[in-house]
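Student: Starting off with a structure, shown below.
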Amino acid sequence: MTDTPPRAFHSAQWDLADCHAIKAVAAGTADEAQQKRAIEWIILKACRAYEVSFYPDDQGGARDTDFALGRQFVGQQIVKLINASRELLEQSKKRK
């Protein structure tokens, strides 16, 4: 028997250390470990960037799928910037 996955609109799971890390990043006081933890929480839990975004009809269907895709898009944009080369960023800057 498998657990039913959370609906796309359910809040991301977090623990106290995640909360402190996000708060420290927002305040500009996060140490290296908190910065890494905050980004990891955003990408993996809040955005669910690497999870399957399809929800069958009995689990929310098209609306949950669309919601999940929106969450993933945000995470993918963050990952894209993290992994972008300096050259790519400079090219993008020149196009604007």
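Any read-out appearing in this document is the output of simple, stated calculations on the displayed coordinates, not a laboratory observation. A quick note: this is a predicted structure, and the numbers were derived from the prediction, not measured. Glycine also receives a Cβ, built like all others from the backbone with ideal geometry; neighbour counts cover every protein chain displayed.
Student: If you scan the stretch 55-71, which residues turn out to be in a helix (DSSP H, G or I) and within 15 Å of PHE9 (Cβ to Cβ)?
Tutor: Step one: list which residues in the stretch 55-71 are in a helix (DSSP H, G or I), which gives 57-59, 61-71.
GLN59, GLY61, ALA62, ARG63, ASP64, THR65, ASP66, PHE67, ALA68, LEU69, GLY70, ARG71, listed by residue number.
Student: From the residues in the stretch 9-53 that are over 14 Å from the mean Cα position of the chain (by Cα) and β-branched (Val, Ile, Thr), which one is nearest to THR65 (Cα to Cα)?
Tutor: By that ranking, first place goes to VAL25.
Student: Tell me which of these ILE42 doesn't satisfy, since it passes every other one: (1) out of contact with any helix residue (DSSP H, G or I) (no Cβ under 6 Å at 6 or more places or on another chain); (2) not in a helix (DSSP H, G or I).
Tutor: (2)
Student: Only residues that are assigned to a helix (DSSP H, G or I) and among the charged types (D, E, K, R): list them for the stretch 82-96, please. Let's see the steps before the verdict.
Tutor: To start, the set of residues in the stretch 82-96 that are assigned to a helix (DSSP H, G or I) comprises 82-83, 86-95.
Across the stretch 82-96, the qualifying residues are ARG86, GLU87, GLU90, LYS93, LYS94, ARG95.
Student: Residue by residue through the stretch 8-38, note down the ones that are among the aliphatic types (A, V, I, L, M), closer than 16 Å to ARG48 by Cα and either part of a loop (DSSP other than H, G, I, E, B) or free of Cβ contacts under 8 Å to residues at least 12 places away in the same chain (or both). Explain how you work it out, then say what you get.
Tutor: So in the stretch 8-38, the residues among the aliphatic types (A, V, I, L, M) come out as 8, 12, 16-17, 21-22, 24-27, 30, 33, 38.
Then drop every residue that is not closer than 16 Å to ARG48 by Cα, which leaves 8, 12, 38.
Within the stretch 8-38, ALA8, ALA12 qualify.
Student: Just to check your reading of the model, which residue among VAL52, VAL79 is in a helix (DSSP H, G or I) and hydrophobic (A, V, I, L, M, F, W, C)? Lay out the reasoning, then the answer.
Tutor: On the way: VAL52 fails: in a helix (DSSP H, G or I).
Being in a helix (DSSP H, G or I) and hydrophobic (A, V, I, L, M, F, W, C) holds for just one of VAL52, VAL79, which is VAL79.
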